[in-house]
Amino acid sequence: MSSLWTAALVISVMYGALNGQFASTGSAVLEGAAEAVNFVLGTGALICLWSGAMEVLRRSPLGPALSRALAPALRRLFPRASREPETLEALSANVSANLLGLGNAATPMGVRAARAMAARSGGSAASPELCLLVVVNTASIQLLPTTAAALRASNGSAAPFDILPAVWLSSAASVTAGILAAKLFERLAR
């Protein structure tokens with residue numbers, strides 16, 4: 001991937017030089033690099049903040065309470081995986097983080113749950129529950145799109161959370177479609 005980015009950069013600079021726009025190309029490269037650094041630092045700070053908030057939630061009494069609230073739905077979706085308390089806890093933390101719009105904070109818990117599921121199935125092929133976890137994690141139903149709202153606020157949005165109805169509708173539709181598709185393919189595979 002780095003070779004593609006390097007090639008694109010070299011081609012852009014050469015094109016700017018051949019067209020007599022080398023000064024404009026050079027200033028655009030520097031301006032883009034500065035914007036990229038600002039974006040990475042801002043986004044990195046958000047990831048650190050929400051990952052810390054997720055860890056506090058996990059260690060507080062609210063974490064286990066949220067796990068208990070999510071347990072009936074998770075047991076229904078992941079009947080084999082939910083028999084193991086550690087896997088159920090990782091699934092609950094993953095879904096909780098996704099509900100709060102903390103996709104980056106959800107990833108470590110999703111990986112932990114996926115490893116436990118893969119170990120249970122022998123690791124040779126993905127089990128239907130592991131495939132379903134990938135679908136649910138990717139579609140991620142969100143109640144509070146905190147990362148998207150933070151990015152909107154950092155780019156000057158006066159009302160960063162005015163996207164809530166659209167997020168609720170689209171994320172509910174994507175999770176529902178994903179679960180139905182995963183269950184359909186599971187039945188077809190049998």
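The values are calculated or read from the model by the stated rules, or taken from the named source; none is laboratory data. Just so we're clear, the structure is a prediction, and the values are computed from it rather than from any experiment. Reconstructed Cβ throughout: ideal geometry from the backbone, glycine too, with neighbour counts over all protein chains shown. Only protein heavy atoms, including side chains, enter the accessible area calculation; ligands, DNA and RNA are left aside. Shrake-Rupley method; radii C 1.70, N 1.55, O 1.52, S 1.80 Å.
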Relative contact order [Cα under 8 Å, 6+ residues apart], the stretch 54-190, whole percent: 20 percent
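How would you order 151-158, 92-99, 128-135 from highest to lowest mean count of nearby Cβ atoms within 10 Å?
The densest-packed peptide leads the list: 92-99, 128-135, 151-158.
To the nearest 20 debye, what is the magnitude of the charge dipole of the chain about its Cα centre, counting +1 on the Cβ of each Lys and Arg and -1 on the Cβ of each Asp and Glu?
920 debye
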Estimated distance in nm for a label pair at Val56 and Leu188, the labels positioned 7 Å out from Cα along Cα-to-Cβ: 4.6 nm
Average projected area [Cα convex hull, the stretch 32-169], square nanometres: 9.9 nm²
Cα-based shape type of the stretch 1-48, given that a ≥ b ≥ c are square roots of the gyration tensor eigenvalues and the cut on a/c is 1.5: oblate
Farthest positive-ward along the stretch 38-142 dipole, Cα basis, beta-carbon charges - from Ala69, Asn104, Gln142: Ala69
Separation between Cα centres of the stretch 118-143 and the stretch 1-38, rounded to whole Å: 40 Å
Solvent-accessible surface (1.4 angstrom probe) belonging to Phe185, in square angstrom, nearest 10: 140 Å²
Global geometry of the stretch 89-166, whether rounded, prolate or oblate, following the gyration tensor of its Cα atoms and the 1.5 cut on a/c: prolate
Over 16 Å [Cα-Cα, the stretch 1-95], rounded percent: 71 percent
For the stretch 25-134, accessible area per residue (1.4 Å probe, heavy atoms of protein chains only), Å²: 56 Å²
Length gained when the stretch Glu86-Val111 is fully extended (0.36 nm per residue, less Cα-Cα span): 7.7 nm
